[in-house]
Amino acid sequence: MPSVFLKDRSLLSVGGADAQSFLQNLITTDITSLASDEARPGALLTPQGKILFDFMIWQDGDGYVIETDAGQRDGLMKRLTIYKLRAAVTLAPVAEEGISVCWGEDADGIRDAEGGGDSQGVRDSQGVRDSQGVWDSRFAKAGITLTRRPGRHGDGAEALYDALRIAHGIAISGSDFALQDAFPHDVLMDLNGGLSFKKGCYVGQEVISRMQHRGTARRRVVTVSAAAALPGTGTAITAAGKPVGTLGSVEGGSGLAIVRIDRAGAAMSEGTPLLADGASVSLALPPWSGLVFPTSADEASA
């Protein structure tokens, strides 16, 4: 099964005696419950609760590795340095660029060979664990075993990975949403393990906690399908001429979008066509999310 090298991903090492408490008090992820072989999504938010940086994070010995878009890493390291103050924390970019992802039979075979994936493996010259990778909890929610591993370990086309993401409703910044424009709920972080409501305060926590408890999250990631190739990223999805959402990642006739599910649900219940650049599209919430489209016209006008 495919093994794909993602060249535009970069790594940041976070170590030191205070690494866990430092990150726990800043980012959305509850890292105290991370399994030794697990990678979880996470974000550093603005004080207003919007995503400033998004990433994957996993344990690496007594420290952590953060995997993020190559264009975000330096900015993320600078922002973390501002918060560091006198904490016993070291922040360092990892020289090796890129991440390989592997899924399907290959990943299952690796896991079986490692006896369930508990091994810490060996470390490369940077000290970062680099054996068979860590398990991506976002895909696990969708029933897919997918590993992430530093460096180049495959030559599959990146489009294969994008198609897998799209099929299972897994959004990434840049392709599906703009940083500082989306809340964690918009991209399903409240459901994929990337957002904790139990660990206490962190940057932006008050806003997203209020959103959670009041049930006001209306923008959500959906999968989009069409009979022909979808128009490009950024195309508006409309119902009766009114905007419902915006297309993100697109691969042929399939794509992702962040939409107002109350408006989309009302349109679908009333039989109003959903259009993208004039073409009819169908929307679906990822099954693993457990979400459903509201159908009340009153909600759509809220």
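The values are calculated or read from the model by the stated rules, or taken from the named source; none is laboratory data. In this text, all values refer to a predicted model and were calculated from it rather than measured experimentally. Reconstructed Cβ throughout: ideal geometry from the backbone, glycine too, with neighbour counts over all protein chains shown. SASA here: full protein model, heavy atoms, side chains in, ligands and nucleic acids out. Shrake-Rupley method; radii C 1.70, N 1.55, O 1.52, S 1.80 Å.
A few notes on this one:
- Spin-label model, Asn25 to Asp74: label points 7 Å out along the Cα-to-beta-carbon direction sit 2.9 nm apart.
- Classification of the range 236-297 by its C-alpha gyration tensor yields an oblate form. The axis ratio a/c (a ≥ b ≥ c) is 1.5 or more, and b/c is at least a/b.
- Nonpolar atom fraction for the chain, defined as the carbon and sulfur part of the 1.4 Å probe accessible area, stands at 49 percent.
- Peptides ranked, highest mean first, by Cβ atoms within 10 Å: ranges 79-92, 32-45: 32-45, 79-92
- Using just its DSSP H runs of length 4 or more, each adding -39500 (n - 2.57), the chain gives a mean residue ellipticity at 222 nm of -6000 deg cm²/dmol after division by all residues.
- Put the Cα centre of the range 1-24 next to the Cα centre of the range 266-285 and the gap is 39 Å.
- Amide H to amide H, with H built 1.01 Å from N, Glu38 comes under 5 Å of Gln59, Trp135, counting only residues 5 or more places away or on other chains.
- Gain upon complete extension [Tyr83, Ala284; 0.36 nm per residue less C-alpha separation]: 68.4 nm
- In degrees, nearest ten, helix 261-270 long axis to first principal axis of the chain (Cα): 30
- Prolate/oblate/rounded label for the range 1-97 (Cα gyration tensor, a/c 1.5): rounded
- Angle between the chain longest axis and helix 158-167 axis [Cα atoms, degrees, rounded to 10]: 60
- With both labels modelled 7 Å from their Cα along Cα-to-Cβ, the Gln48 to Ala227 distance reads 4.2 nm.
- Computed about the Cα centre, the dipole magnitude for the chain is approximately 1000 debye when only Lys and Arg (+1) and Asp and Glu (-1) carry charge, each at its Cβ.
- With an a/c value of 1.5 or above and a/b not larger than b/c for the gyration tensor axes a ≥ b ≥ c computed over the alpha-carbon atoms, the range 156-302 is described as oblate.
- Accessible area per residue (1.4 Å probe, heavy atoms of protein chains only) ranks Arg214, Arg149 as Arg214, Arg149, with the largest value leading.
- Area projected by the alpha carbon convex hull of the chain, averaged over all directions, nm²: 15.4
- Solvent exposure of the chain as accessible area per residue, Å², 1.4 Å probe: 43
- Estimated FRET transfer efficiency (Ala35, Glu270; beta-carbon r; R0 41 Å; 0.05): 0.35
- Amide H partners (placed H, <5 Å) of Val94, local residues excluded: Leu11, Leu12, Ser13
- Solvent exposure ordering (accessible area, 1.4 Å, most first) of Leu12, Leu291: Leu291, Leu12
- Comparing Ile51, Ile66, Ile144 in a Gaussian network model of the chain (Cα springs below 10 Å), the most mobile by mean-square fluctuation is Ile144.
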